[in-house]
1. Tell me which of these S330 doesn't satisfy, since it passes every other one: (1) within 16 Å of the chain's Cα centre (by Cα); (2) open to solvent by 10 Å² or more (accessible area, probe 1.4 Å).
2. Kindly indicate whether K321 is within 23 Å of I24 (Cβ to Cβ) and among the basic types (K, R).
3. If you go through the stretch 272-282 one residue at a time, do you hit one that is surrounded by 24 or more Cβ atoms within 10 Å (Cβ to Cβ), near the ligand (Cβ under 9 Å from one of its atoms), touching a residue at least 60 places away in the same chain (Cβ under 8 Å) and over 19 Å from F188 (Cα atoms)?
4. Does the stretch 27-48 hold any residues that are crowded, with 19+ Cβ neighbours inside 10 Å and assigned to a helix (DSSP H, G or I), and which are they?
5. Pairs only if they're at least six apart or on different chains, beta carbon under 6 angstrom, first in the stretch 313-339 and farther than 30 Å from P178 by Cβ, second assigned to a helix (DSSP H, G or I) and near the ligand (Cβ under 8 Å from one of its atoms); list them, first residue then second.
6. Which condition does F263 not pass, out of (1) within 26 Å of the chain's Cα centre (by Cα); (2) in contact (Cβ under 8 Å) with a residue 12 or more places away in the chain; (3) near the ligand (Cβ under 10 Å from one of its atoms), if it passes all the others?
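The values are calculated or read from the model by the stated rules, or taken from the named source; none is laboratory data. Not measured: the values here are computed from a predicted model. Every residue, glycine among them, receives a Cβ derived from its backbone with ideal geometry; neighbour counts consider all protein chains shown. Protein only, heavy atoms only, side chains kept; ligands, DNA and RNA dropped before computing areas. Shrake-Rupley method; radii C 1.70, N 1.55, O 1.52, S 1.80 Å.
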Amino acid sequence: QTGLFTYDPGFTSTASCDSALTYIDGDQGVLLHRGYPIGQLAEHSSYMEVCYLLLNGELPNKAELEDFNRTITRHTMVHEQLSSFYKGFRRDAHPMAVMCGVVGALSAFYHDSTDIADPLHRKISSHRLIAKIPTIAAMAYKYTVGQPFVYPDNKLSYTGNFLKMTFGVPAEEYEVIPAVERAMDRIFILHADHEQNASTSTVRLAGSSGANPFACMAAGIACLWGPAHGGANEAALNMLREIGTPDRIPHYIERAKDKNDPFRLMGFGHRVYKNYDPRATVMQKTVREVFEALKVTDPVFETAMRLEEIALNDPYFIEKKLFPNVDFYSGIILSAIGFPTTMFTVLFALARTVGWVAQWNEMISDPGQKIGRPRQLYTGPTQRDYVPIEQR
Ligand code: SDX
């Protein structure tokens, strides 16, 4: 006999939170970081500048940005023993499995900055995470392709350094292509933070218990990996490649509408946006820029644009308010730059680290913060007595 206990409407949910970092208006398709529209930041800013903005609340002046860059650059190396950690994984391990493991292990190497009660320690571990995540991500890629790790080159920009650690090899000079560096930096900006999404809420909930920031970020990475969340960029490109040519689109549109079919249009729909995801607008423009810079093309881009056009004119998608989200076009760019699909969510995690760190700092610095404890609506049996096994 299942029955509901009286649901106490009086308790206040601990799931929601106050935050001054990011504002989203899902109906209008608006995304602001500390008041600045994502389109303007993507157009005029750099990822390092957006990191400073998210962490400190204001855009930096020239001296502040140079100082911040210097601080981050100083932390790009990882403990040499951490590189042995990778050898414990199979070569064909998904790079996100490697990221979960290695980032979770960071507190074993940098425990000197895990005292979260000390604002200076919080600042050092925040900078360490933002600085080291590109190195760790590049190493995860190198390990899966069997190439030697490439050390950071601190003469390069944050993003240029990451591209060189990923695609450079010790035997040759590596030249960062400015247009690719710009596109990659813009992709990082578009993924930096996004209010209380699933992985950010995971980081906040883990952090609310006082867990060290490295462990909290590993929890965020684990949550982001899911195909309904950050894993959608990998799933979206795989879907577009499976669709192949535009004539096959109607079949997939019908599948996406069929409630008995688990298939969903990857890169479409959103928990909050019931309008066009402003990040997808910038992403689509960036596809064209990268294709032009690299003198490449990919027929899957035509398929993606045709799929968007058909879906946006389909009564089901109109009624359900389903639009392309940040993941719909990003994989096309990343693939053109040379990343395998398995690295797409790693890149999302790399870029979102600043958002997770900024949200964690905001929460842990609040003197009134308490451990998160979401409640439930109990739907199980009402109280009953134990039945001895002989009578069952
Ligand atoms: C990210 O939260 C964030 O901010 C996340 C993120 C970030 O930056 O952190 O923006 C990043 O995760 C973007 C989303 C990436 N995921 C995908 O692209 C996967 C494909 N999308 C779907 O799985 C889905 O849209 C979700 C999971 C994103 C949202 O699912 P919901 O909450 O069910 O969406 P909804 O309530 O708006 O759905 C309305 C209806 C539902 O049908 P009914 O129950 O009303 O009959 O539309 C259906 C859904 O089943 N629907 C889809 C669909 N997405 C929703 N139908 C077909 N294809 C889809 N993609």
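1. If we test S330 against (1) within 16 Å of the chain's Cα centre (by Cα); (2) open to solvent by 10 Å² or more (accessible area, probe 1.4 Å), just (2) comes out false.
2. Taking the combined requirement at face value, the residue satisfies it.
3. yes
4. Once the filter is applied, which keeps residues that are crowded, with 19+ Cβ neighbours inside 10 Å and assigned to a helix (DSSP H, G or I), the stretch 27-48 yields I38, L41, A42, Y47, M48.
5. Close Cβ pairs satisfying both conditions: Y316/K257.
6. (2)
For every residue, the table says whether it meets (1) more than 10 Å from the ligand (Cβ to nearest atom); (2) more than 24 Å from H33 (Cα to Cα); (3) open to solvent by less than 10 Å² (accessible area, probe 1.4 Å).
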{"residue": "P178", "(1), (2), (3)": "yes, yes, no"}
{"residue": "F188", "(1), (2), (3)": "yes, no, yes"}
{"residue": "G207", "(1), (2), (3)": "yes, no, yes"}
{"residue": "A211", "(1), (2), (3)": "yes, yes, no"}
{"residue": "A222", "(1), (2), (3)": "yes, yes, no"}
{"residue": "A232", "(1), (2), (3)": "no, no, yes"}
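This table checks each residue for (1) under 30 Å from I130 (Cα atoms); (2) at pLDDT 95 or above; (3) more than 20 Å from the chain's Cα centre (by Cα).
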| residue | (1), (2), (3) |
| --- | --- |
| I221 | yes, yes, no |
| L237 | yes, yes, no |
| R241 | no, yes, yes |
| G244 | no, yes, yes |
| H251 | no, yes, yes |
| Q284 | yes, yes, no |
| L294 | yes, yes, yes |
